[in-house]
Amino acid sequence: MIGLSGKCLKDAADQWCWNLVPSSLTPLNTANNFNYLEQRQTLAAVVRAVEKNGWTARAMGYAASLNDRTNTSSGVLATHRGYLSLVSDLQTIVRRDMQGVRNPSRLIVVGHSHGTVWSHLLTALSPALPIEIQVDLDGVCAYWQTDNEGDFRQAGLGDLLDFERVCRTRSSALGGDASDLQNVVFGNVRYNLDVHSSDLALFDGTDNTRPDGSRAGIFSAAFPENHSDVTWPTSATMTWVLQGVTNLTRR
């Protein structure tokens, strides 16, 4: 299972991460992003939901950044692996645990906020990579482009995607429109659990669809919790997600 955390709003000490200034004014505003989904035990809860059906599962968490980020946001100085490390890790997993294997591993991808944009970028750029379940925890794309485009260009990957199409409503704090990347579920994804918060300032207000406009295999729901609280294992949101994961991974 793969987990992609979002933009750091507050660190583990409940201190502001100082990257809340609109990224158009502070380019490459990802230095404090960290792998909080693992720290909050969000990913461990999803692992347990899978294991209820007798499967063996493992979680790997990543920061919302193209590159690895070393910071103290988790409470200690640590390096949090980014998207390029995720792609490298997946290549190993596919080669070792999926290709030519009699009972191949199945992938679950969990993303929160900006991490949802990253998870949908993964499925868009890897159409042959089968994803069993994609979990979207209140995905938003506001400022994703200005946060990350510079990193792509510095890495020589500026032509990898059309940044203008990733988030057509990038100045909005809401979930964007149906064409924004985090709201499109691609054909290599079997099931999608798409959850929305009821945050007053930052939330996903758009149900996901397939590229053809259909909603096959997509389950959407909204919960009376804020943008951050939807990630906690005991939240109403995660209770629904965990039950869904268990239901969808029955043998």
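What the table shows:
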{"quantity": "The chain, dipole about Cα centre (Lys/Arg Cβ +1, Asp/Glu Cβ -1), debye to the nearest 20", "calculated": "940 debye"}
{"quantity": "Fraction of accessible area attributable to carbon and sulfur, segment 7-141 (%, probe 1.4 Å)", "calculated": "53 percent"}
{"quantity": "Mean projected area in nm² (Cα convex hull; one quarter of hull surface) for segment 189-251", "calculated": "4.8 nm²"}
{"quantity": "Rounded Å value of the spacing that divides the Cα centres of segment 79-137 and segment 196-251", "calculated": "19 Å"}
{"quantity": "Cβ crowding within 10 Å averaged over residues, with 192-202, 239-249 ranked highest first", "calculated": "192-202, 239-249"}
{"quantity": "Paramagnetic reach from Ser179 (point 7 Å along Cα→Cβ, amide N under 20 Å) across segment 136-163", "calculated": "140-146, 160-163"}
{"quantity": "Accessible area, probe 1.4 Å, largest first, for residues Asp180, Asp89, Asp229", "calculated": "Asp229, Asp89, Asp180"}
{"quantity": "Projected area, mean over directions - the chain, Cα convex hull, nm²", "calculated": "12.7 nm²"}
{"quantity": "Which of Leu37, Leu129 is most accessible, then next, and so on - probe 1.4 Å", "calculated": "Leu129, Leu37"}
{"quantity": "Rounded to the nearest 10 Å², the accessible area of Arg48 at probe 1.4 Å", "calculated": "130 Å²"}
{"quantity": "Given charges at Cβ of Lys, Arg, Asp, Glu: the chain dipole, positive-most of Gln154, Gly244, Thr116", "calculated": "Gly244"}
{"quantity": "Ranked packing of 103-111, 75-83, most packed first, by mean Cβ within 10 Å", "calculated": "103-111, 75-83"}
{"quantity": "Dipole magnitude of segment 124-251, debye to nearest 20 (Cβ charges: Lys/Arg +1, Asp/Glu -1, about Cα centre)", "calculated": "500 debye"}
{"quantity": "Listed residues Thr146, Thr116 arranged by accessible area, highest first, probe 1.4 Å", "calculated": "Thr146, Thr116"}
{"quantity": "Asn103-Leu160 FRET efficiency (beta carbon distance; Förster radius 35 Å; 0.05 resolution)", "calculated": "0.60"}
{"quantity": "Structure-based [θ]222 nm, the chain - -39500 (n - 2.57) summed over DSSP H runs of at least 4, per residue, nearest 500", "calculated": "-7500 deg cm²/dmol"}
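The values are calculated or read from the model by the stated rules, or taken from the named source; none is laboratory data. Because the structure is a prediction, the values reported are computed rather than measured. Neighbour counts are summed over all protein chains in view; Cβ atoms, including those assigned to glycine, are modelled from backbone coordinates with ideal geometry. Accessible surface is based on the protein model in full, side chains and every heavy atom, while ligands, DNA and RNA are left aside. Shrake-Rupley method; radii C 1.70, N 1.55, O 1.52, S 1.80 Å.
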